[in-house]
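Q: My questions will all concern the structure given below.
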């Protein structure tokens, strides 16, 4: 592969033998390079294949405006995220996240604070992604000596959540967080007692809500095919089922979507586990 253009020290546009254009990232890959130089493939960390000429122009303009150190922080953060999450992220995260970090650092220098409205939800419901965000903040402090607030860790988490997909439909972290927050509020209020947010049952409940959110926003909720199971759960766990229907009414009201019985069934099961956990904890203090 030959270099067509050096964007900065850590990014270049390269062409292969078929004259296909690629954006390549790597620490020092563009340092001192000129058009026509061979690419040092030993320092290539990620290859990008833009889908159209208009896209590559947009990315080129973006990358040329971002300092190399921020591109390197982005690359390290994404690689760390893929290792922790054990999945490949959508390559667009490199462009979107580097642009966000560059803007966040500029805001910090100018004393501008932008409040994250769902900071608490992201921190508590997307703990892995939030910690990845904190990892990025540590790199920024280490490499630039700039301390960004923890709210920026949640903003970074948004990009990581949105990038966890292999298709063109991106996850919307803010929508997910808002839905989960609303459901959890209803369940906690209905139970009427303090829930141990560190318990296994609570963590499983949150995990269930994350997968439910994916199905909900992608219109791929579970199909109603087992009325018998629904009836059994409704009879066995009446209190949990009642709370699940409160959740259903809330979601239908806010999002105007039908919630199948199959989803209500599994939601009832998880709520019942929380109820049982509360009864056990209460028994310890009798």
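Every read-out reported here was derived from the displayed coordinates using simple, explicitly stated rules and does not represent laboratory data. This is a predicted model, so every value here is computed, not measured.
Q: Using a 10 angstrom cutoff on alpha carbons, build the Gaussian network for the chain and name the most mobile of 37, 249, 18.
A: Result: 18 has the largest fluctuation of those listed.
Q: Classify the stretch 174-284: rounded, prolate or oblate, from the alpha-carbon gyration tensor (a ≥ b ≥ c, eigenvalue square roots; a/c under 1.5 rounded; otherwise prolate if a/b is larger than b/c)?
A: Cα axes put the stretch 174-284 in the oblate bin.
Q: Nearest 10 degrees, 0 to 90: what angle lies between the long axis of helix 227-236 and the longest principal axis of the chain (Cα atoms)?
A: For helix 227-236, the angle is close to 60 degrees.
Q: Restricting things to alpha carbons, tell me how big the stretch 68-162 is in terms of Rg and Dmax, in Å.
A: 12.2, 37
Q: Need one number: the % of Cα-Cα pairs in the stretch 201-251 sitting beyond the 17 Å mark.
A: Of the Cα pairs, 51 percent sit more than 17 Å apart.
Q: Compute the orientation-averaged projected area for the chain from the convex hull of its Cα atoms and round it to one decimal in nm².
A: Orientation-averaged projected area of the Cα hull: 19.3 nm².
Q: On C-alpha positions alone, give me the angle between the axis of helix 127-144 and the longest principal axis of the chain, in degrees, nearest 10.
A: Relative to the chain, helix 127-144 is tipped by roughly 30 degrees.
Q: Could you work out how far the C-alpha centroid of the stretch 13-41 sits from that of the stretch 77-101, in angstrom?
A: 21 Å
Q: Same structure again: With springs only between Cα atoms under 10 Å, which of 186, 122, 235 fluctuates most in a Gaussian network model of the chain?
A: The residue with the greatest mean-square fluctuation here is 235.
Q: Measure nothing fancy, just the Cα-based angle from helix 92-109's long axis to the longest principal axis of the chain, in degrees from 0 to 90, nearest 10.
A: So the helix axis and the longest Cα principal axis differ by about 90 degrees.
Q: Separate question: Mean-square fluctuation check for the chain, GNM, Cα pairs under 10 Å: which of 30, 111, 182 is largest?
A: 111
Q: Equivalent-ellipsoid semi-axes (√(5λ), Cα gyration tensor) for the stretch 106-223, whole Å, largest first?
A: Ellipsoid semi-axes (Å, largest first): 28, 18, 13.
Q: Something else now. Calculated from DSSP H runs of 4 or more alone, at -39500 (n - 2.57) each and per residue, what is the 222 nm mean residue ellipticity of the chain, nearest 500?
A: -20000 deg cm²/dmol
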